[in-house]
Amino acid sequence: MASILEEYEDSLSRPNFPSQVRTPEIRHSGYINARLEKETPIFNKQRIDFTPPENINCLVVCNNQLCMSLGRDTILRIDLIKADQPNQVDLGRKDESRVHKLFLDPTGSHLLIALSTNECLYLNRNAQKVRTLSKWRGHLIECIGWNRFLGTETSTGPILVGTNQGHIYEADIAASEGGLFGTNPDQYFRHVHTLEEETGPAPVSCLDIDRGYENRYCVIATTPKRLFQFVHKIPEGTEQQGFAILFSQPADSLPSIQEFPGNLGYSDLAFYHQKLRKFPNSFAWMMGNGVLYGSLEFSRPESVLIDVQVWEYSSSSEKPISIVLSQFHFLLLLPDRVKAVCILNGQVVFEDIFTEKFGPLKRMVKDPVLGQIWVYTERAVFRYNVKRESRDVWKMYMNMDKFQLAKEFCNDRPECMDMVLAKEAEYCFQNKRYKESAKCYALTQNYFEEIALKFIEAKQETALMEFLLKKLFNLKPSEKIQATLLTTWLTELYLNHLGILASDQSEKATYLKVRDEFRAFLSTQKNKDSLINNRASIYELLASHGDTEHMVYFAVLMQDYERVVSHHCQHDDYEEALKVLSKHKDEKLFYKFSPVLMQHIPQSVVDSWIAMGKKLDPKNLIPALVNYSQSAGTQINEAIRYMEFCVDELKETEQAIHNYLLSLYAQFRPDSLLSYLERAGTNPNRIHYDLKYALRLCAEHEHHHACVHVYKVMELYEEAVDLALKVNVDLAKSCADLPGDDEELKKKLWLKIARHVVQEEKDVKKAMVCLSSCNLLKIEDILPFFPDFVTIDHFKEAICSSLEDYNQHIEELKREMEDATLSAKRIREDMQEMRNKYGSVDPQDKCTVCDFPLLNRPFYLFLCGHMFHYDCLMQVVVPNLPTYKQIKLEDLQKKLGAAAQPSKSRSHTKDDDNVSLGKSSQSREQIKADIDDIVAAECAYCGDLMIRSIDKPFIDPQKYKEEMLSWM
């Protein structure tokens, strides 16, 4: 018993697999299915290493709990997770009763034992003693409809019970054993319905309770010949009240009944659940002449059975014992074999023959939780493990032309998916669903050329395009060459299609739709990456089809704006060309196309230039403006407007810009010329136009006033006055006052004006006004300009005024002489007073710097009272002297040291020595005096030297760290 599920023996009989009709292979390329290992069967039989001590009567399995009836009154329970710990319970019956059937709920907690004496016992998984269900006495139980939705380990919830008399009862069993005398586990047991056939009540073979959408409950019950359906909605929250409402419907709402003529005397019903507490997906009913199987749809108002089919027994003598249902197969237990039939195509896919060694087969059951199938005889137990049941389902669905379902079951097997797609593509092609066929072909590994030729021969360009689009979409990023070829071919196909549609006015809507698709195709980022390297070919294709609209669109996508603008200009659509330029703001394109655009839409072009602002270099736009100004006539205002914008708003300083604006003013707008020159100022260093070019330009167009201004800026005052006199005298006067410091030049200019007034205009009064306007001119300066016959009366006032000025000047000179004499006298007195000043030094006086007695060393005494040793004063003054004075002081000290040394030669006479000594003494005194002039010119603490050093730090920055460390 220790190895009931761990050790297995080989099957005593080899399963037989019926030969099946081979489906023709679908030719494809790409995937090669190279399976090296032999696939295991779907249903793999294993005999359990278990020898029962007595014959097995019944066996049930659910939720890993296995219960079997042995002999007359023994129940063996095995938790398959702990298979080495079986549990045996004795029924303790003294009569001749035997176990008729066992029933185990989905949780594996509640075991019902139907006895042949019309009694029923209850055994809970956690109990060791069976309990009698007294309310059930008198009924031979044939089936139980368990409540998977309300059942728990302690209570079954409302369940249905079917008897051999055709009665259906509702019951509820609780495992509680509380109370002084104990309580009965059966809470209630009431009759709800009776199933009848044409001859009267018939045994209830099977019962199943299911709950669908919106709390709609369905009870399926069977007799040997009939299948009944009871469907009704039970209000939410009232489920514990039972199922009486399903069976108490009015007479006009009779239950749905399925009846078949054959009769085995019994029937069996099996369901397939993907999850235990969910409603089942499919069913299989084993009845008299075959198996009725199909799907379940609980949202239907009447019968929940759909897609119903009947699989007939191959021989009338072959009577099955029981049936179980898996996802795609139902398994029939025959007296000597197990036969599996696929519910998709009705073919027998598995047949396993048992020998007589272990006795006849008794029954086959299925664990609804784990999906394991169990078969038992009186002396042995077998288990079938279902392995990859859906492995060949895709092929069956494919052969049934249910391609969507086929693809669902081969997602993880690319070679199978390829075969399904190829078959679906061929199927759609044969049924003239070319577009769908193209989509499928694009996902296969079939040869690209064969498929493309197939659509070309069928003259299905739309499908071919769909195929190419799908292929293009599925390409890897590394397959750039393939992507380029496909995009080029698709472009050709689109252009052909658009060309055909464009010629037919009735297809305008289709044309617009295809055009949008084509543009979307071109604008997809993945396609753009392929097209950008093949632009030349695409342009040639577009040109060969004459599709200028899409040529422009494609050029925009490729950001080839030069081609777009050029196209618009060639078609005289200058406004559109300018829109493209303004939108993309490419400076180089502006420079290239501005000359053409300026000839046709000057105002709009200048507006665009202004909008671009500093992004454009005005110097590069001058060629466009020059061409325009030569041929535009009176429309030159736009060029002037842009040049003014550059100068006034952009503050452009480029000389070429200012020169060109100056030339425009000189030629076309002279009124603005002088104001522009005046705004530019008179400082030559801040003027951005060429003065010589401006002078030549103004002279060429005879703008004399502007020329005078340029002369003034160039400081050519004589030329300015000469030219100004041709304009008016007042302008000349303004020029004559400009040389402020050069009185000689200023006088010369005013003399020119005076001569012009006297000799050219013959106006004596105006000459006198000139005389009064310039204080440098005297009457005698302008008298030579007058003719001899002019009377003195005109000059009387001027001569008198001049004489008065002379007298006043003489008096001023006298006053200045007297002041100078008085100042000289005071200076002499101060000098005499200074000679008589002296200072006294006491023995206790100390040096202001070193605070040592002053008389110990040579010293200086200043009138302010400060006293310094000679060397102390040098230390204070020298670092603050200018460099050149420091150099001079060093040189004087060297000379003083050289003069102090005695003469080395002793051959001189005495007179020579005296002369030499006198000269040396005189030289040393002069050197000392020069040193004193540098060092002692002023007090180091009271003079300018201290004032100049006020911003110097107390500590030298280079010695700051050293000083700081000394304080730490």
| query | Which residues, counting only those in the range 220-274, are farther than 27 Å from residue 367 by Cβ, assigned to a strand (DSSP E or B) and in contact with a Gly (Cβ under 9 Å, 6 or more places away or on another chain)? | reply | 231
| query | Does at least one position in the range 347-367 carry a residue that is modelled with pLDDT under 95 and under 14 Å from residue 291 (Cα atoms)? | reply | yes
| request: Could you tell me which residue of the range 318-371 is surrounded by the most Cβ atoms within 10 Å (Cβ to Cβ), considering only residues that are part of a strand (DSSP E or B) and among the acidic types (Asp, Glu)? | output: 352
| Whichever residue in the range 418-456 is of a type in the set (Asp, Glu) and more than 21 Å from residue 483 (Cα to Cα) and, among such residues, is surrounded by the most Cβ atoms within 10 Å (Cβ to Cβ) | 424
| Leading residue by the ranking (surrounded by the most Cβ atoms within 10 Å (Cβ to Cβ)) among those in the range 708-755 that are over 26 Å from residue 690 (Cβ atoms) and of a type in the set (Gly, Ala, Ser) | 736
| What is the number of the single condition among (1) assigned to a helix (DSSP H, G or I); (2) under 35 Å from the mean Cα position of the chain (by Cα) that residue 593 does not meet? | (2)
| note | For the range 404-427, the count of residues that are within 41 Å of the chain's Cα centre (by Cα) and within 19 Å of residue 454 (Cβ to Cβ) equals 7
| query | Does residue 522 meet the test of being over 26 Å from the mean Cα position of the chain (by Cα) and among the aliphatic types (A, V, I, L, M)? | reply | no
| request: Please go through the range 550-581 and pick out each residue that is closer than 17 Å to residue 616 by Cβ and either aromatic (Phe, Trp, Tyr) or surrounded by 17 or more Cβ atoms within 10 Å (Cβ to Cβ) (or both). | output: 561, 565, 577, 578, 580, 581
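Yes/no matrix, rows are residues, columns are (1) touching a strand residue (DSSP E or B) at 6+ places or on another chain (Cβ under 9 Å); (2) of a type in the set (Asp, Glu); (3) not in a helix (DSSP H, G or I):
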site	(1), (2), (3)
818	no, yes, no
821	no, no, no
824	no, no, no
832	no, no, no
860	yes, no, yes
868	yes, no, yes
871	no, yes, no
| said: So, restricting to helices (runs of 4 or more DSSP H) that lie completely within the range 392-441, which ones have at least 3 residues that are closer than 21 Å to residue 472 by Cα? | reply: 414-430
| field | Qualifying positions in the range 490-513 - more than 17 Å from residue 546 (Cβ to Cβ) and in contact with a helix residue (DSSP H, G or I) (Cβ under 6 Å, 6 or more places away or on another chain) | value | 490, 507, 510
| query | Of the residues 157, 162, which single one is touching an Asp or Glu at 6+ places or on another chain (Cβ under 8 Å), of a type in the set (Gly, Ala, Ser), assigned by TED's automatic domain parsing to the domain that holds residue 135 and outside any loop (DSSP other than H, G, I, E, B)? | reply | 162
| remark: residue 138 passes all but one of the listed conditions (1) surrounded by fewer than 15 Cβ atoms within 10 Å (Cβ to Cβ); (2) without any contact (Cβ under 8 Å) to a residue 24 or more places away in the chain; (3) at negative phi; the exception is number (3)
| note | Picked from the range 583-638 (must be of a type in the set (Gly, Ala, Ser) and modelled with pLDDT under 85), the residue farthest from residue 668 (Cα to Cα) is 594
| task | Within the range 351-403, work out how many residues are touching a helix residue (DSSP H, G or I) at 6+ places or on another chain (Cβ under 7 Å) and assigned by TED's automatic domain parsing to the domain that holds residue 108. | result | 3
| request: Tell me which residues, restricted to the range 283-307, are assigned to a strand (DSSP E or B) and either without any contact (Cβ under 8 Å) to a residue 40 or more places away in the chain or within 26 Å of residue 249 (Cα to Cα) (or both). | output: 283, 285, 290, 294, 295, 296, 305, 306, 307
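The values are calculated or read from the model by the stated rules, or taken from the named source; none is laboratory data. Predicted model only: the values in this text are computed from it and were never measured. For neighbour counting, all protein chains shown are included, and Cβ atoms are generated from backbone atoms with ideal geometry for every residue, glycine included.
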